[in-house]
Amino acid sequence: MLGRKRKKDSAAETDEDQFIEVDDGDFEDTDSEDESEVELADEFDRSEGPFDLGEVEEEDAATAERLDLGALQVPLADGLEVRVEVDPQTQQPLAVTLVLGEGAVQVRVFAAPKSGGGWAEARGELRSSISGDGGVIDEESGTFGTELRTTAYLKDGDGNDQPQRMRFIGVDGPRWMVQGVLLGDGTDPSRAAGLETVFRSLVVARGDEPMPPGNPLAIELPEQVPEGAEVQEPDEDSDD
């Protein structure tokens, strides 16, 4: 767990073993090596972020305090904890959870067609998956355009269904889509401004390698922890 050094510990608690999966789907691969500009089919104005690495000025990229996690660069904001979720079987990073105060957002990035539409495709899959499991879904207009506000039912340690509120947001970029699952205070738009600012400040480094739309982009553990950040080792005595 990495984060900006803080004056006090965060009180947010999240289930680090719970992942919200999005099926890759059988997308038509319309990607190509043609680098001509294509207007993204997305209702959200990305001029203030999240950003593509190619949109970040070189001077800013060199001086900004960001944690480089491969396909994703995360700002080191005061009080922000960065947790890299690792598959216990493969030991490969799966997602990044950003914890701020009493809220959190789990972030994943995916390859997408140049024409956009990755977030719309993902919303359809999420609606089918959550409603199929008995969850409740409302599609609303939010800070980042169309979002899903849901109540899903997850099994606790005793096998009982427990309701969990989640707020799914997503933004299409040039050949990528970044998705966030807001938890805790993040599910309430009136209390989610800090997390939304962090999400807007993310930088996606998709790379030039051709990749079928819907494939997750690789998250990597940092080789070096930036100055001003701290590393917290997991509790070895914990069963979580």
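The values are calculated or read from the model by the stated rules, or taken from the named source; none is laboratory data. Source: prediction; values computed, not measured. All Cβ positions, glycine included, derive from the backbone under ideal geometry; neighbour counts span all protein chains shown.
Scoring GLU227 on the criteria (1) within 23 Å of THR90 (Cβ to Cβ); (2) exposed (fewer than 11 other Cβ atoms within 10 Å of the Cβ); (3) at pLDDT below 85 leaves a single failure, condition (1).
Here MET177 passes the criteria (1) touching a Pro at 6+ places or on another chain (Cβ under 9 Å); (2) at pLDDT below 95 except the one numbered (2). Screening ALA95 with (1) assigned to a strand (DSSP E or B); (2) over 20 Å from ASP68 (Cα atoms); (3) touching a residue at least 12 places away in the same chain (Cβ under 8 Å) gives one miss only, at (2).
Looking at region 63-98, which of the residues that are over 18 Å from MET177 (Cα atoms) and within 12 Å of the chain's Cα centre (by Cα) is surrounded by the most Cβ atoms within 10 Å (Cβ to Cβ)? Among residues in region 63-98 that are over 18 Å from MET177 (Cα atoms) and within 12 Å of the chain's Cα centre (by Cα), the one surrounded by the most Cβ atoms within 10 Å (Cβ to Cβ) is VAL82. In region 114-164, the residue that is surrounded by the most Cβ atoms within 10 Å (Cβ to Cβ) out of those that are closer than 18 Å to TRP176 by Cβ and small (Gly, Ala, Ser) is GLY118.
Could you tell me whether region 114-122 includes any residue that is outside any helix (DSSP H, G or I), of a type in the set (A, V, I, L, M) and touching a residue at least 60 places away in the same chain (Cβ under 8 Å)?
No.
Table: residues versus (1) at pLDDT below 85; (2) in contact with a Gly (Cβ under 6 Å, 6 or more places away or on another chain).
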{"residue": "PHE19", "(1), (2)": "yes, no"}
{"residue": "PHE44", "(1), (2)": "yes, yes"}
{"residue": "GLU55", "(1), (2)": "no, no"}
{"residue": "ALA64", "(1), (2)": "yes, no"}
{"residue": "ALA71", "(1), (2)": "no, no"}
{"residue": "LEU76", "(1), (2)": "no, no"}
{"residue": "GLU81", "(1), (2)": "no, yes"}
{"residue": "VAL84", "(1), (2)": "no, no"}
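Taking residues in region 143-163 that are touching a residue at least 24 places away in the same chain (Cβ under 8 Å) and in a loop (DSSP other than H, G, I, E, B), and partners anywhere that are surrounded by 17 or more Cβ atoms within 10 Å (Cβ to Cβ) and among the charged types (D, E, K, R), the pairs with Cβ atoms closer than 6 Å and at least 6 places apart or on different chains are THR143/GLU196. Mind listing just one residue for me: the one in region 208-223 that is among the hydrophobic types (A, V, I, L, M, F, W, C) and in a loop (DSSP other than H, G, I, E, B) and, of those, surrounded by the most Cβ atoms within 10 Å (Cβ to Cβ)? In this case the residue turns out to be LEU217.
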